[in-house]
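Quick note: the coordinates plus some simple rules give every number you see, no bench work behind them. Since we're looking at a predicted model, the values are computed, not measured. Heads up, the Cβs are rebuilt from the backbone with ideal geometry, glycines too, and the neighbour counts pull from every protein chain shown.
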Amino acid sequence: ANAARERSRVQTLRHAFLELQKTLPSVPPDTKLSKLDVLLLATTYIAHLTRSLQDEEESPGEGLGALRGDGYLHPVKV
C-alpha cells in the first residue's frame, strides 16, 4: 500500500512539472529539463512578468519589452 501511494505521489508530481514546463514560453515542447531547471525557468518567467507589469505601470504604452533575465538563471542552453 505504501509503495502504491508513493508511486501515485511521484506520478502526480511528475505530471505537475510537465504541465508547468508546457506553460513556459521559451521551452520547445520536446525539451527534457530537470525539475530544478523547470523551477528556475518558471521563477525567471514570473520575475519577468512582474518587471513587465511594473514597467508598464511606470511608463504605459511602451509594450512589454524583451526578456532580459537580469540576475536570473536560464538553464536552457542554445
Would you mind getting me the FRET efficiency between Lys35 and Glu56? Use the beta-carbon distance for r and R0 = 25 Å, nearest 0.05. 0.20
Subtracting the Cα-Cα distance from 0.36 nm times the residue separation, let me have the gained length for Ser26 to Thr12 in nm, one decimal. 2.6 nm
Over its alpha-carbon atoms, region 1-50 yields an Rg and a Dmax in Å of 13.2, 43
